[in-house]
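Heads up, the thing below is written out as structure tokens.
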Amino acid sequence: MKHFFFILFILSILGACDKPDDQPTVDDLPVNPETPAFMQLDFSTDKAFYQPGEKVVFTIDFSKVPEGAQVRMKHLNNEIEVLPLNKASWDWLPPATDFRGYMAEVFKVENETETICATVAFDVSSVWTKFPRYGFLSDFGNVDASKREQVLKNLNRHHINGLQYYDWHNKHHQPLPVVDGEPARQWKDIINKDVYFSTVEAYIAEAKAINMKSMFYNLVFGAWKNAEDDGVKAEWYVYNDPSHTNRDFHPLSSPFLSNIYLLDPSNSEWQDYLLAENRKVYEHLDFDGFHMDQLGERGTRYKYDGSFLDLAKTYQPFIEAQQADQPSKYHVMNAVNQYGQEGIAAAPVDFLYTEVWDPFKTYLDLSNIIKQNNALAEQQKNTVLAAYVNYDLANRNGYFNTASVLMTNAVIFAFGASHLELGEHMLAKEYFPNNNLELKTDLKMALVNYYDFLVAYQNLLRDGGTFQDVELAALYAKMNLAKWPAAKGFVAVIGKRNEDVKVVHLINFKDAVTDEWRDPQGVQSIPAMIKNTPLVLTVSQKVRTVWTASPDVIGGASRSLPFMQEGSKVSFTLPELKYWSMLVFEYE
């Protein structure tokens, strides 16, 4: 042992040791139990989220469950109940507390050694928009029942609780064709693809059966060519000049059926026109709400009368009109690169949604958008980011880069948002039907764990709290720590205070080759696992419990860590860090 301390002394002289003088040596720290083995059996719940008082139905691949396995129900790191596991499906009634995330852990103990067999999270919330986990649908052709079931089953396993029905409609100004009071059985979307009423209707009903909400997509200001034949007036359009000579439009070429011409969202007559069309939608299709879209910054634009049009300020009155007409429906609007977000956040939307483009390229940009949204909504509305990873790779067939996706999700989730990325396939482009990229097996398995993590720990990740710097030190240079923002070659440290809990997120950029989340060519590298790192956190209170969880390890199951506290210094050993680990310090 004398040799060990001599080596440690020499390393400190050489500058390779970060250990402050008044902190314990590695030898002083209590030893963590071994990390349990993990089997990752197929384990699922029946619905995307649950009302308080609603039973959760679990299903597991029982043929692979070891004899004597049990299942424990947990909220955060607190065990609620342990049950014997003797069949493939069973139900359990969670506590009636609203807006809570839970995790079920199937485990087996043999010879005092624990194996985690499977984990699954579940969300008990009376309103899905408190913790929105948004997915999408983009194919409404003649999709058969088995395909729809497969799509929704996969989305349900990721706890997607809301769906954006992308380009389900016909004309933007007349989304659902209705003749003599009857909806058309079939129509064309903007790119000349067939849409079947029966497919849209069936998806809505089947999603509703598993507590998954359906939001119909449309622009707030879109019209096809010759819309005047359908009653759209020239006075409602947006113009590029004060003499109303040139209408503003989004150009589209073949096979698209029309350019998209823009209308003034604040024009009350246009609002009334689209409200009437939306009532037709709700009359014939049981959508839960309206997902509103825009096109971002357009430059200087004018109304028909020649006055300047501040497009960013038109969205709030448009949303208010929609909500007043349909108060029982949900409403959300895309703030493209935050354009108009101030007014959108003040409007009656149920959560905030940002589609992210350049110049917001870095992981820091993602965190700043989320924090800005939190501030604009006064911490009352959570955020969904539409952020398209491996964008250029999707120009051709191939695979997503696993590290690109998981690193981006680690940042988005750690800062309390969710990521619009899952539908019939995974998103890499703003045109949702693009499905050129596939998921490798490791990414498929990892995403399940990441979404379980997002749900199980939603009360720490997405339920208030204040981000703040923390003083965290490594006892030696095995882990190079740096305060957020992310820096290549370092482990980024993110601190957050939630009532009597301090949360510390560690995101591993030690082996990163880029700090751009989109990673268009898919060059991001998979980080090497860092194990058994002695750390010291400076705190201002007496700590009662230290625990950790990671989506990269044992299915996100939480584990208590032994620790020592001397004054303001809490010493412990982090068992492992792959992409992202969360540390939680509960105060007395």
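The values are calculated or read from the model by the stated rules, or taken from the named source; none is laboratory data. Owing to the predicted nature of the structure, the values given are computational and were not obtained by experimental measurement. Using ideal geometry, Cβ is built from the backbone for each residue, glycine included, and neighbour counts are taken over all protein chains shown.
Residues in region 64-93 that are among the polar types (S, T, N, Q), at pLDDT 95 or above and either within 24 Å of Asn111 (Cβ to Cβ) or in a strand (DSSP E or B) (or both): Gln70, Asn78, Ser89. Checking each residue in region 531-588 for being on the phi > 0 side of the Ramachandran plot, more than 31 Å from the chain's Cα centre (by Cα) and among the β-branched types (Val, Ile, Thr) picks out no residue at all.
Of all residues in region 200-254, those satisfying the criterion of being closer than 17 Å to His169 by Cα, within 29 Å of the chain's Cα centre (by Cα) and part of a loop (DSSP other than H, G, I, E, B) are Val220, Phe221. Restricting Leu311, Leu257 to those that are surrounded by fewer than 17 Cβ atoms within 10 Å (Cβ to Cβ), touching a Lys or Arg at 6+ places or on another chain (Cβ under 8 Å) and in contact (Cβ under 8 Å) with a residue 60 or more places away in the chain reduces the list to Leu257.
Here Asn218 passes the criteria (1) surrounded by fewer than 21 Cβ atoms within 10 Å (Cβ to Cβ); (2) of a type outside the set (Phe, Trp, Tyr); (3) in contact with a Pro (Cβ under 7 Å, 6 or more places away or on another chain) except the one numbered (1).
Residues in region 358-404 that are free of Cβ contacts under 8 Å to residues at least 24 places away in the same chain and within 18 Å of Leu420 (Cα to Cα): Asp358, Phe360, Asn368. Residues in region 534-565 that are under 28 Å from Ser404 (Cβ atoms) and either aliphatic (A, V, I, L, M) or modelled with pLDDT under 95 (or both): Leu535, Ala549, Val553, Ile554, Ala557. With respect to the conditions (1) aromatic (Phe, Trp, Tyr); (2) surrounded by fewer than 19 Cβ atoms within 10 Å (Cβ to Cβ); (3) touching a residue at least 40 places away in the same chain (Cβ under 8 Å); (4) more than 30 Å from Ser258 (Cα to Cα), Trp92 falls short on a single one, namely (3). Listed by first and then second residue, the pairs linking a residue in region 447-474 that is of a type in the set (D, E, K, R) to a residue that is part of a helix (DSSP H, G or I), with Cβ atoms under 6 Å apart and 6 or more places separating them unless they lie on different chains, are Asp452/Gly556. Residues in region 42-72 that are touching an Asp or Glu at 6+ places or on another chain (Cβ under 8 Å), crowded, with 20+ Cβ neighbours inside 10 Å and of a type in the set (A, V, I, L, M): Ala48, Val56, Ile60, Val71. For beta carbons closer than 8 Å, sequence separation of 6+ or different chains, a first residue in region 214-237 that is without any contact (Cβ under 8 Å) to a residue 24 or more places away in the chain and in the same structural domain as Leu137 (by TED's automatic domain parsing) and a second that is outside any loop (DSSP other than H, G, I, E, B) and hydroxyl-bearing (Ser, Thr, Tyr), there are no qualifying pairs.
Listed conditions (1) over 27 Å from Leu76 (Cα atoms); (2) modelled with pLDDT of 95 or more; (3) among the small types (Gly, Ala, Ser) are all met by Gly489, apart from (2).
Can you find a residue that is farther than 28 Å from Ala387 by Cβ, of a type outside the set (S, T, N, Q) and surrounded by 15 or more Cβ atoms within 10 Å (Cβ to Cβ) anywhere in region 513-535? Don't jump to the end; show me each part of the working.
Going residue by residue through region 513-535, those that are farther than 28 Å from Ala387 by Cβ are 531-535.
Then keep just the ones that are of a type outside the set (S, T, N, Q); that gives 531, 534-535.
Subsequent filtering for residues that are surrounded by 15 or more Cβ atoms within 10 Å (Cβ to Cβ) retains 534-535.
Within region 513-535 (the criterion being farther than 28 Å from Ala387 by Cβ, of a type outside the set (S, T, N, Q) and surrounded by 15 or more Cβ atoms within 10 Å (Cβ to Cβ)), the answer is yes, since at least one residue qualifies.
Of the residues examined, Ala492 is not one that is in a loop (DSSP other than H, G, I, E, B) and surrounded by 22 or more Cβ atoms within 10 Å (Cβ to Cβ). Within region 540-588, being surrounded by fewer than 17 Cβ atoms within 10 Å (Cβ to Cβ) and not acidic (Asp, Glu) holds for Ser540, Gln541, Lys542, Arg544, Thr545, Ser560, Pro562, Met564, Gly567, Ser568, Tyr587. One residue is enough: does region 84-100 have a residue meeting the conditions out of contact with any Pro (no Cβ under 8 Å at 6 or more places or on another chain) and of a type in the set (Ser, Thr, Tyr)? Yes, because at least one residue in region 84-100 is out of contact with any Pro (no Cβ under 8 Å at 6 or more places or on another chain) and of a type in the set (Ser, Thr, Tyr). Can we say Gly181 is among the small types (Gly, Ala, Ser) and within 26 Å of Pro265 (Cα to Cα)? When the stated conditions are applied, Gly181 does not pass them. If you go through region 539-567 and keep only what is assigned to a strand (DSSP E or B) and more than 14 Å from Val501 (Cα to Cα), you end up with Ala549, Arg559, Ser560, Phe563, Met564, Gln565, Glu566.
For Asp463, are the conditions met, namely being among the charged types (D, E, K, R), within 22 Å of the chain's Cα centre (by Cα) and crowded, with 16+ Cβ neighbours inside 10 Å? Don't jump to the end; show me each part of the working.
Numbers: among the charged types (D, E, K, R): yes; within 22 Å of the chain's Cα centre (by Cα): yes; crowded, with 16+ Cβ neighbours inside 10 Å: yes.
Yes; evaluated as a whole, the condition is true for this residue.
Could you go through region 568-583 and let me know if any residue there is among the aromatic types (Phe, Trp, Tyr) and in a loop (DSSP other than H, G, I, E, B).
Start the filter on region 568-583 by keeping residues that are among the aromatic types (Phe, Trp, Tyr), which leaves 572, 579-580.
The next check asks that each one be in a loop (DSSP other than H, G, I, E, B); those that pass are 579.
The answer is yes; a qualifying residue exists.
When Tyr330, Tyr273 are checked against the criterion of being among the aromatic types (Phe, Trp, Tyr) and either under 31 Å from the mean Cα position of the chain (by Cα) or surrounded by fewer than 13 Cβ atoms within 10 Å (Cβ to Cβ) (or both), a single residue qualifies: Tyr330.
Of all residues in region 112-135, which are touching a residue at least 12 places away in the same chain (Cβ under 8 Å) and farther than 24 Å from Gln380 by Cα? Correct list: Thr113, Glu114, Thr115, Ile116, Cys117, Ala118, Thr119, Val120.
In region 576-588, which residue that is modelled with pLDDT of 95 or more and touching a Lys or Arg at 6+ places or on another chain (Cβ under 7 Å) is nearest to Glu79 (Cα to Cα)? Please lay out each step first, then the result.
Residues of region 576-588 that are modelled with pLDDT of 95 or more, as a first pass: 576-587.
Subsequent filtering for residues that are touching a Lys or Arg at 6+ places or on another chain (Cβ under 7 Å) retains 576, 585-587.
Working: Glu576: 22, Phe585: 17, Glu586: 15, Tyr587: 18 Å.
Going through the qualifying residues, I end up with Glu586.
So which residues in region 245-293 are under 15 Å from Met333 (Cβ atoms) and in contact with a strand residue (DSSP E or B) (Cβ under 6 Å, 6 or more places away or on another chain)? Within region 245-293, Gly289, Phe290, His291, Met292, Asp293 qualify.
Here Asn161 passes the criteria (1) touching a Lys or Arg at 6+ places or on another chain (Cβ under 7 Å); (2) on the phi < 0 side of the Ramachandran plot; (3) surrounded by fewer than 19 Cβ atoms within 10 Å (Cβ to Cβ) except the one numbered (3).
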